[in-house]
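The values are calculated or read from the model by the stated rules, or taken from the named source; none is laboratory data. This is a predicted model, so every value here is computed, not measured. Methodologically, a virtual Cβ is constructed for each residue, glycine included, from the backbone with ideal geometry; neighbour enumeration extends over all protein chains shown.
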């Protein structure tokens, strides 16, 4: 189901999240329109960061919207609506990642039995030497749990407490995952720069040998 929201009025757009949740629960279609207008784009960006493919992220966005509409009666955490929304999106994303990996593993096993290895991804390292590309690749390579914390913290601007609510984990676990995610990203960026640095070092050494008097 593709939701095409009617743009809400300015007064409706100023509704607090709790008012939106109450309106959706009462069956007010305008409340859901405001919710869609406010959350669709950020959720799509988050899901795309988790999944990596826009088409799959769009499918998950629609499923997230459906789950929220169907399960709004279960929302009981006053003042934590955004965390509840992102919890639903995160659970769907993690389920999809597990399904995709299981399917990919089965395909790889079948291909190996048929002596037909899967083709390597041709564009995985296209932006390796560009900072932005390296950061994106580093985030994509993080374990799912660390990637979720990083995306919620950096892209959605959530506080530690809100992330903990969204993922149903202690605040200390959020901080720990952020710590290891930053460490992994630093290692990834260092690794992506290493070949270039090594090449420059080799060229420099070669020039020195050529300039050395005979």
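Mind listing whichever residues of segment 130-149 are part of a loop (DSSP other than H, G, I, E, B) and crowded, with 19+ Cβ neighbours inside 10 Å?
The one that is part of a loop (DSSP other than H, G, I, E, B) and crowded, with 19+ Cβ neighbours inside 10 Å: 142.
Do we find that residue 152 is within 22 Å of residue 97 (Cα to Cα), part of a helix (DSSP H, G or I) and over 10 Å from the mean Cα position of the chain (by Cα) in this structure?
no
Table: residues versus (1) in contact with a strand residue (DSSP E or B) (Cβ under 6 Å, 6 or more places away or on another chain); (2) modelled with pLDDT under 90; (3) farther than 22 Å from residue 101 by Cα.
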position: 167; (1), (2), (3): no, no, no
position: 178; (1), (2), (3): no, no, yes
position: 191; (1), (2), (3): no, yes, yes
position: 201; (1), (2), (3): no, yes, yes
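Out of 56, 41, 31, report the one residue that is in a helix (DSSP H, G or I), free of Cβ contacts under 8 Å to residues at least 60 places away in the same chain and within 13 Å of residue 93 (Cβ to Cβ).
56
Just to be sure I understand, how many residues within segment 154-179 are surrounded by 18 or more Cβ atoms within 10 Å (Cβ to Cβ) and closer than 20 Å to residue 64 by Cα?
7
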